[in-house]
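Written below as structure tokens is the structure these notes are about.
The values are calculated or read from the model by the stated rules, or taken from the named source; none is laboratory data. Keep in mind that this is a model prediction, so the values were computed, not measured. Cβ atoms come from the backbone with ideal geometry, glycine included; neighbour counts cover every protein chain shown.
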Amino acid sequence: MDLLNKHLVLGLTGGIACYKSAQLTRLLTQAGATVQVVMTDAATQFITPVTMQALSGRPVYTSQWDARMSNNMAHIDLSRAADAIIIAPTSADFIAKLVHGLADDLLSTLAIGRTCPLLVAPAMNQQMWQNPATQRNLAQLHADKILVLGPDAGSQACGETGAGRMLEPTAILDAIMAFFQPKLLAGKRVLITAGPTYEPIDPVRGLTNRSSGKMGFAVARAAAHSGAQVRLIAGPTPLATPAGVIRDDVQTAQQMCDAVMAEIAETDIFIAVAAVSDWRVDQVSMEKIKKNGEAIAPRFTFVENPDILRLVAHLPKPPFCVGFAAESEELEKHGQEKRLRKNVPLLVGNLGPKAFGYDDNEVTLFDATGATPLPRMDKQALARTLIAEIAQRLTVKD
Ligand code: CTP
């Protein structure tokens with residue numbers, strides 16, 4: 001419930017991307033926000049107020065002369081109650097209206113009379129987007145501190161291809177969540193490892209583990225939302241890259257180590273969430289290992305992989321290092337012991353089988369002052385809590 005207690009005005013202007021605003025409304029309400037939909041006349045040509053009312057659970061406003069507002073001041077009252085106004089889609093025409101301060105319908109009047117932040121998600125044909133007038137207007141939106149989300153590039157409803165597609169609803173939701181997060185790590189460079197590693201045995205087989213990468217990706221997203229520059233070194237996982245995060249994909253522990261070391265001098269905070277394989281097969285077979293017909297199992301010798309976190313934490317000038325540890329028993333004992341062995345100021349411990357693959361997690365924080373158990377929460381909420389814990393420790397250190 002990232003948007004719990006947030007009251008949002010969602011404005012729709014005319015464009016085929018209005019169909020995406022139906023899903024956006026659903027996502028916003030599922031995230032805990034109350035959504036007051038306001039539509040321009042043109043928007044009602046693309047999607048009906050009835051649909052938007054059903055999804056938002058509130059009456060939709062389309063006119064500044066709406067008698068349902070007892071004082072007939074919809075243009076003032078709706079914006080005063082809002083934490084933010086989001087206009088998605090925002091047409092080229094409406095952008096021009098915002099730039100010039102026109103106020104000839106309810107939504108434009110709300111926008112000019114607002115006391116809360118305004119976020120716009122443009123949506124238009126790629127030629128309209130490229131037009132010098134639109135680009136001039138865009139520069140003015142930035143200058144007026146209006147947050148512009150997108151647009152995306154790609155195939156368009158008109159059959160053309162280029163920039164101008166409205167961001168997907170999930171991306172708009174993510175940007176709105178990011179907008180409301182305190183910028184605890186503004187300007188910090190954060191490097192994160194996530195997911196499993198994969199150590200090949202032969203061209204088609206290898207050793208890996210059950211890490212899904214969800215925790216590491218949640219931490220990357222939370223760090224980006226808190227204003228950090230985030231680089232994610234990910235083992236094999238199908239998860240989508242969080243918005244604003246730079247991602248390097250790797251397979252093996254050694255590749256993960258090399259990718260980390262290439263970035264570490266430019267890093268303020270290193271968070272090792274990856275479940276790194278401690279061992280790799282010494283001689284990887286160049287060909288698929290076949291059954292030999294004599295029921296004799298193949299034998300492998302293993303060599304140890306570098307311990308990435310330990311290497312980083314023992315550098316002469318290490319970044320602030322955070323480790324994760326999945327234990328199968330005696331978390332208290334192993335957690336503190338591992339924190340000291342790895343030489344990290346903060347270690348996040350959990351009982352592995354309770355975390356891998358799930359959407360929530362229950363962890364204990366280990367630092368120099370002892371062990372602090374946190375309540376069970378979903379991984380995104382936990383990631384935000386961890387970012388706050390890290391930011392607080394950095395402030396103390398500075
Ligand atoms: N880690 C790492 N490189 C490795 C192994 C672990 O960077 N080769 C990091 C993990 O990302 C995690 C922390 O070290 O942040 C602890 O991982 P864990 O596997 O629990 O530690 P190990 O040192 O492998 O300890 P154990 O003997 O319990 O396996």
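Annotations
- Each residue in segment 292-337 was checked for being of a type in the set (Gly, Ala, Ser) and without any contact (Cβ under 8 Å) to a residue 12 or more places away in the chain, and 3 pass.
- Check on residue 316, modelled with pLDDT under 95 and either surrounded by fewer than 16 Cβ atoms within 10 Å (Cβ to Cβ) or on the phi < 0 side of the Ramachandran plot (or both): no
- Entry remark, segment 138-193: residues being modelled with pLDDT of 95 or more, in contact with a Leu (Cβ under 7 Å, 6 or more places away or on another chain) and in a strand (DSSP E or B) number 3 in total.
- Criterion: farther than 22 Å from residue 197 by Cα, more than 10 Å from the ligand (Cβ to nearest atom) and without any contact (Cβ under 8 Å) to a residue 24 or more places away in the chain - qualifying residue of 340, 365, 346: 340
- Residues of segment 81-129 classified as in contact with a strand residue (DSSP E or B) (Cβ under 7 Å, 6 or more places away or on another chain) and either outside the structural domain of residue 148 (by TED's automatic domain parsing) or polar (S, T, N, Q) (or both), total: 3
- Scan of segment 264-286 for residues that are more than 10 Å from the ligand (Cβ to nearest atom) and under 21 Å from the mean Cα position of the chain (by Cα), ordered by number: 267, 268, 269
- Residue identified as surrounded by 15 or more Cβ atoms within 10 Å (Cβ to Cβ) and out of contact with any helix residue (DSSP H, G or I) (no Cβ under 6 Å at 6 or more places or on another chain) among 244, 227, 293: 227
- Of the candidates 244, 227, the single residue that is at positive phi and either in a helix (DSSP H, G or I) or free of Cβ contacts under 8 Å to residues at least 60 places away in the same chain (or both) is 227.
- Pairs, first closer than 14 Å to residue 257 by Cβ in segment 188-205, second within 14 Å of the ligand (Cβ to nearest atom) and in a strand (DSSP E or B), C-beta under 6 Å, six or more apart: 191/270; 193/233; 193/272; 199/207; 199/280
- Among the residues making up segment 354-376, those that are touching a Ser or Thr at 6+ places or on another chain (Cβ under 7 Å) and on the phi < 0 side of the Ramachandran plot are 356, 364, 365, 371, 372, 373, 374.
- Residue selected from segment 312-337 under the condition within 8 Å of the ligand (Cβ to nearest atom) and outside any strand (DSSP E or B), by the criterion farthest from the chain's Cα centre (by Cα): 334
- For residue 50, the stated conditions hold: it is over 24 Å from residue 124 (Cβ atoms) and aliphatic (A, V, I, L, M).
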